[in-house]
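Rule-based calculations on the coordinates, nothing more; no lab input. These figures come from a predicted structure and were not determined experimentally. Here the Cβ positions follow ideal geometry from the backbone for every residue, glycine too, while neighbour counts run over all protein chains shown.
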Amino acid sequence: MRIAQLAPLAERVPPKRYGGTERVVHALTEELIRRGHEVTLFASGDSQTSGRLESVYPRSLREARVKDPYGSNYWTLLNVGLAYELQDEFDIIHDHLAPLSLPTANLATTPVVCTMHGPFTPENRRLFQTMRGPGIVTVSQAQVFPAPGINHIGTVHNGLPMEQYPFDPKGNGYLLFVGRISMEKGVHLAIEVAELLDMRLMIAAKLDKTDQPYFREYVEPRLSERVEWIGEVGEDERNKLMAGARCFLHPVTWREPFGLTLIEAMACGCPVVAMNRGSIPEIIKTGVTGYVVEDVEGMLEAVQNIGQINRKACRAHALRNFSAKKMADGYEAIFKKLLND
């Protein structure tokens, strides 16, 4: 198949540091190419791919400090326009920019699959319910629940090529939080758990300008020798932190569509303790890869019992269920069905 992969421009594909969607797009693109498909990647000019790269900007927008890198900026709109202008060159367009790109995708004559990486909200739900041309793929079953009436054609869990991730059979004594400092990610709850258990907490996370008020009120006053914020880290350093951690805390306060860092932590043998929100129960197998809990009290109890988790079994579950190969299997089946229909 001739496949277009339309990626965000905010981060390089794959990202240097933060960037879950871009990491998934890279893994899928390379696995599809390995299977013999002809893939064109629409992404920032510094992206890396063994396929054909089409770009409207030489580097990631966040690195270039372009205003509103995640929104409807000029370069992102141009990226969408270029991909659909070249639609006749492809058998299928796989669009990772919905809902921003949905009006354009709805007019396409080439079959379009849109993977929704973010949440369905009251604001964007009507857009999906009205513009039903593209087939919508969700990254978890829980994600689609708030959006009845959309053209939902399947669910494919995210996957990554994690076979080479480092593994530590024991782990050290620290707790770990990775991702983004924000209220919805629940960093303040991770700090509360660490303080109540008198354990060291490493926070490897980026801080966006919009989240600085939250940081100043809920996080910064509680930083100490025991609670350490080391900032945004690269993939290698992050993986080493995951492999060495006693457990990974994910106290989200929103219906998260898919927690990519969860499968990466598990692939390093690091058990995960996470709040029961959105997709979390689809990712964590309680008693095997960690624990799904309801509140801080449950998180405290889970951390105290984390030694019951077999770290080898944790890693095996992640590699078996969230590999790039399994993800590509799911998308290949959807692409073929869409073309046959």
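Annotation for the range 56-126 versus the range 1-32: alpha-carbon center distance of 13 Å.
Fewest-first ordering of 332, 11, 264, 217 by other beta carbons within 10 Å of each residue's beta carbon gives 217, 332, 264, 11. Comparing mean-square fluctuations of 289, 210, 21 from a GNM of the chain with C-alpha springs under 10 Å, the top value falls on 210. For the chain, the relative contact order comes to 15 percent (Cα pairs under 8 Å, sequence separation of at least 6). Against the chain, whose longest principal axis comes from its Cα atoms, helix 311-321 is set at around 10 degrees. Between the range 145-185 and the range 258-286, what is the separation of their alpha carbon centroids in Å? Comparing the Cα centres of the range 145-185 and the range 258-286, I get a distance of 6 Å. Extension gain for the segment residue 38 to residue 72, taken as residue separation times 0.36 nm less the Cα-Cα distance, is 9.4 nm to one decimal. In the elastic network of the chain, a GNM with C-alpha springs shorter than 10 Å, the most mobile of 164, 143, 212 is 164.
Nearest 5 is fine: what % of DSSP beta bridges in the chain come out antiparallel, could you say?
0 percent
Taking the fewest neighbouring Cβ atoms within 10 Å as the starting point, the ordered list for 242, 202 is 202, 242. Among the listed values [x] 60, 39, 38; [y] 86, 43, 40; [z] 60, 41, 41, the one matching Cα extents along the principal axes in Å as calculated from this structure is [x].
With r defined as the distance between the Cβ atoms of residue 106 and residue 59 and R0 fixed at 35 Å, what FRET efficiency is calculated, to the nearest 0.05?
The value I calculate is 0.70.
Over the range 175-321, the pair-distance histogram of Cα-Cα distances with 5 Å bins from zero comes to 2, 11, 21, 24, 23, 13, 4, 1, 0 percent, rounded to whole numbers. Close amide H pairs (under 5 Å, H built 1.01 Å from N) link residue 227 with 201, residues at least 5 positions away or on another chain. By the helix-only formula, in which each DSSP H run with n ≥ 4 contributes -39500 (n - 2.57) and the sum is divided by residues, the chain has a 222 nm mean residue ellipticity of -9500 deg cm²/dmol. Remark: the range 169-236 projects, on average over all directions, an area of 5.1 nm² (convex hull of Cα atoms).
Helix 324-340 and the longest principal axis of the C-alpha atoms of the chain enclose an angle of approximately 30°.
Where the only charges are on Cβ atoms (+1 Lys, Arg; -1 Asp, Glu), what is the dipole of the range 175-321 about its Cα centre, to the nearest 20 debye? Mind showing how you got there, number by number?
Numbers: 18 positive and 21 negative charges, 116 e Å.
I would put it at about 560 debye.
Note on the chain: with a GNM built from Cα contacts shorter than 10 Å, the maximum mean-square fluctuation among 117, 37, 250 falls on 37.
Assuming a viscosity of 1.567 mPa s and a temperature of 4 °C, what translational diffusion coefficient in µm² per second does Stokes-Einstein assign to the range 236-341, Rh being the Kirkwood radius over Cα pairs?
Values: Rh = 14.5 Å.
Here the translational diffusion coefficient equals 90 µm²/s.
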